[in-house]
1. With labels modelled as points extended 7 Å from the Cα through the Cβ direction, what inter-label distance (nm, one decimal) is found for residue 13 paired with residue 47?
2. Compute the distance in nm between two label points, each set 7 Å from the Cα along the Cα-to-Cβ direction, one at residue 2 and one at residue 37.
Amino acid sequence: MLFVRTHAARIYALAVAVLALVAHFVPALPSALVLGVVAAALGFGEAVHRVTGSTPETASPAETVDPFEISE
């Protein structure tokens, strides 16, 4: 389970890529089935983001440069 938690985004990306290949190369699949699986994959992607993504409290602020304060 630690492996899945550590590599959740990579596993998700692989599963979605396989889903896209199957949907493309198996034209006999009903479109409603494919759309249902895609919707489930999008929901699962949100869960993966919550596990691996950073929150605004932990993310470091981006450096901003004011274009009007150019020093020479």
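1. That separation, rounded to one decimal, is 2.1 nm.
2. So the label points at residue 2 and residue 37 sit 3.3 nm apart.
Values in this text are rule-based calculations from the coordinates and carry no lab data. These figures come from a predicted structure and were not determined experimentally. Counting neighbours? That spans all protein chains shown, and the Cβs are built from the backbone with ideal geometry, glycine included.
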